[in-house]
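The values are calculated or read from the model by the stated rules, or taken from the named source; none is laboratory data. Not measured: the values here are computed from a predicted model. Positions of Cβ are backbone-derived with ideal geometry, glycine not excepted, and every protein chain shown enters the neighbour counts. The protein model used for the area step is the full one, side chains on, heavy atoms only, and it has no ligands, DNA or RNA in it. Shrake-Rupley method; radii C 1.70, N 1.55, O 1.52, S 1.80 Å.
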Number of protein chains: 2
Amino acid sequence: VPAALIALDWGTTEARAWLLDAAGDVRERAEAPLGIMKVQGGAFADALCSLAGGWLDAEPGIPILASGMIGSRQGWVEAPYVPCPAGAADLAGRLAEAPGPGGRAVRIVPGVSFDPPEGVPDVMRGEETQIVGVPGAGRRLFVLPGTHSKWAEVEDGRIVRFRSFMTGEVFAVLSRHSILGRLMEGEEEDEGAFAEGLARGSAQRPGDGGLLAKLFGVRTLGLFGRLPGSAAASYLSGLLIGCEVAEGIAAFGAGATRVEVVGGARLSHLYGRALTAAGLEPRLHGEEAAARGLWAIAKAAGVL
Amino acid sequence: VPAALIALDWGTTEARAWLLDAAGDVRERAEAPLGIMKVQGGAFADALCSLAGGWLDAEPGIPILASGMIGSRQGWVEAPYVPCPAGAADLAGRLAEAPGPGGRAVRIVPGVSFDPPEGVPDVMRGEETQIVGVPGAGRRLFVLPGTHSKWAEVEDGRIVRFRSFMTGEVFAVLSRHSILGRLMEGEEEDEGAFAEGLARGSAQRPGDGGLLAKLFGVRTLGLFGRLPGSAAASYLSGLLIGCEVAEGIAAFGAGATRVEVVGGARLSHLYGRALTAAGLEPRLHGEEAAARGLWAIAKAAGVL
């Protein structure tokens, strides 16, 4: 089967690439710490060569399609957000184009925006491609864990609405810069403490207060000798993920049983536990969902 | 009226002192950045001399009473937490004693703990004295804004239960270390943005998600040109205080109309607005509530 597409998931810190064959299967993969924040002076064509130069030379005729922060204002060429509802065809109709190595076009998938009347707008970039890479019909619920994790409602392959949760970044800044971080010892995961955090984070007993009160509990449980320093990070992680899952289910869970979870292995595992504890049936997908999404968008764009 | 008590509110970063006369009125006051984290090598007696040396010399016979972090394990002498319910008499019965300048005793007020069955424990140190300094009968609701603000239910002068909210510290770490801080320009207060944040932070529409989702909105509102960088800090402050007030009312608000607010002028003003917007009647008290509380505890201890 001949090679047919160079597919790129090009984010803030990392860039991943796949060489797909004419059946849409992955023939080779590559990865480098060449996210847009790491590329100096707009040298994206050079970065692409160092990531996938061998494929570019060997397959001079096949198209190149990228998604992620590479299409943001800070990226290579801006691919403005497409409003919801958005699926593969909507994204394919709005590809941007950057001047790649040797004058070859690099097509870039736009992000998606959600801007409800009287509400707060939201955006995603990269996740829309992962969602499109998990095919299915009818109404489906997606959770994409990460620094700013996304919950999305998808109807017949089109993203209808979504919300970002700052869970990952809140965990990071509290661990590094708050009084809670000073209690933490080591980075080992503690399953029991994570489960306890999950239960407390998702519980909604008014007398306990909400997240702002529960966070302080990380400190007082330590002070009372009920949470060792080695378990504090796992407890905080559980608390925040449990809170996000409760918020996400309130916003998106109506009628859902199955949830499509797309993300890195470690985070997806933790979210899977949280979603299962909340009574949902998570189905985990790796980040190669991006490769399948890029394939679907390339097909819809007619560039294959 | 002769001098009768040297009263100290001795916290983590600041120390405040009052010279009270035999009627309990403030005759003089002093303040210095001599909180326990600023005093090296346990030299608390020296710090006290530099804060209130003139009074110590002029009034060799009057008692000295301190509250706050000075009674913590990291302070001068540990004054172990007194469990709820706790009022002036309970605190007075458990004073610790430190060796002050010239062999004079410095009495230290204990903190208060709340440890509900099946719940997460909580602690305060310093706030109990401020609460005791706002006299009143029956059931009363207190809010004490700060880095870790406290909501407390008080019954006939005794603290029955309370909760800490990490609001102030979450604001600080997100402003300094997260992607939200990178959007902020200047420190000027923006009344309109604060009010908008308050409304969004306290609103409970499931489709919006909870706090973790609302935080991301600080970024997307900026991205969409609906929140200028100069207003971002005020909006975030409103969002967090609005969320705390909603959580606090759910936990403590049943049947309450009046709220006693004790804290610094700036924060008390902001919390006052938030509580009013939530339909409560805040009554603001300055930090000299600590002086009145120390007076009440000294009286209950029979040391005057």
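Whose amide H sits under 5 Å from the amide H of A:V82, counting only residues 5 or more places off or on another chain, with H placed in the peptide plane?
Placed amide hydrogens put A:G111, A:V112, A:S113 under 5 Å from A:V82.
Just read off the accessible area of A:K38 with the full protein assembly in place, 1.4 Å probe, to the nearest 10 Å².
Approximately 100 Å² of A:K38 is accessible to the 1.4 Å probe.
So for chain B, taking the charge dipole from beta-carbon charges (+1 Lys/Arg, -1 Asp/Glu), which of B:A250, B:G279, B:L198 sits furthest toward the positive end?
B:A250
Amide H to amide H, which residues 5 or more places from B:R139 or on other chains are under 5 Å from it, using H placed in the peptide plane?
Hits under the 5 Å cutoff: B:D156.
Would you mind calculating the relative contact order of the stretch A:80-146 from Cα pairs under 8 angstrom and at least 6 residues apart, reporting the percent as a whole number?
Relative contact order comes out at 27 percent.
How many angstrom lie between the Cα centre of the stretch B:188-205 and the Cα centre of the stretch A:181-252?
27
In whole Hz, what ³J(HN,Hα) sequence does the stretch A:255-265 give by Karplus (6.51, -1.76, 1.60; θ = phi - 60°), x for Gly and Pro?
x, 7, 10, 8, 10, 8, 10, 10, x, x, 4
For A:G192, which inter-copy label distances result when the label point lies 7 Å beyond Cα on the Cα-to-Cβ vector, reported in nm to one decimal and in ascending order?
Label-point distances to the other copies, shortest first: 5.5 nm.
For peptide A:235-247, how many partner chain Cβ atoms fall within 10 Å of a residue's Cβ, on average?
Across A:235-247, the average partner-chain Cβ count within 10 Å equals 2.
With every protein chain left in place and a probe of 1.4 Å, what is the accessible surface of A:V303, to the nearest 10 Å²?
Approximately 40 Å² of A:V303 is accessible to the 1.4 Å probe.
What figure, in Å² to the nearest 10, do you get for the accessible area of B:E196 with a 1.4 Å probe and non-protein molecules left out?
The value for B:E196 is about 70 Å².
For the stretch A:117-133, what does the Karplus curve 6.51 cos²θ - 1.76 cosθ + 1.60, with θ = phi - 60°, yield as ³J(HN,Hα) per residue in whole Hz, taken in order and with x for Gly and Pro?
Running phi through 6.51 cos²θ - 1.76 cosθ + 1.60 with θ = phi - 60° gives x, 6, x, 9, x, 9, 9, 9, 8, x, 5, 4, 6, 5, 5, 4, x Hz.
Once you have the alpha carbon radius of gyration of the protein assembly as shown, what is it after dividing by 2.2 N^0.38 Å, with N set to its residue count?
Dividing the Cα radius of gyration by 2.2 N^0.38 Å gives 1.14.
Rounded to the nearest 20 debye, what is the charge dipole size of chain A about its Cα centre when +1 sits on each Lys and Arg Cβ and -1 on each Asp and Glu Cβ?
440
Within a 10 angstrom radius of each residue's Cβ in A:177-189, how many Cβ atoms of other chains show up on average? Whole number is fine.
Per residue, the number of nearby Cβ atoms from other chains is 2 on average.
For B:I159, enumerate residues with amide H under 5 Å from its amide H, sequence gap 5+ or separate chain, H modeled in the peptide plane.
Close amide H contacts, sequence-distant or interchain: B:A86, B:G87.
Between the label point of B:G102 and that of the same position in each other copy, find the distances and list them shortest first in nm, with every label point placed 7 Å from Cα along the Cα-to-C-beta direction.
For B:G102, the inter-copy label distances come out at 9.1 nm.
Hey, what's the Cα Rg ratio for the stretch A:132-196 versus the globular rule of thumb, 2.2 N^0.38 Å?
Output field value: 1.55.
What whole-number distance in Å separates the alpha-carbon centres of the stretch A:73-121 and the stretch B:105-164?
Distance between centres, Cα-based: 53 Å.
Considering only the label points, 7 Å along Cα→Cβ from Cα, what distances in nm to one decimal separate A:G138 from the same position in each other copy, shortest first?
Result, one decimal in nm: 5.7.
Let me spell out the model: positive unit charges on the Cβ of Lys and Arg, negative unit charges on the Cβ of Asp and Glu, origin at the Cα centre of the protein assembly as shown. What dipole size does that give, in debye rounded to 20?
Approximately 480 debye in magnitude.
Which residue, B:A291, B:A79, B:A58, has the most motion in a Gaussian network model of chain B that connects Cα atoms within less than 10 Å?
B:A58
In debye, nearest 20, what is the charge dipole magnitude of the stretch B:42-158 about its Cα centre with +1 on Lys and Arg Cβ and -1 on Asp and Glu Cβ, if you could check?
100
Using only helices, what value at 222 nm comes out for chain B when you add -39,500 (n - 2.57) per DSSP H run of length 4 or more and divide by the total residues, to the nearest 500 deg cm²/dmol?
Computed ellipticity for chain B at 222 nm equals -11500 deg cm²/dmol.
If the reach is capped at under 20 angstrom between alpha carbons, list the lysines near A:K150, excluding any in the same chain fewer than eight residues apart.
B:K214
Would you kindly calculate the mean projected area, averaged across all directions, of the convex hull enclosing the Cα atoms of chain A, in square nanometres?
16.9
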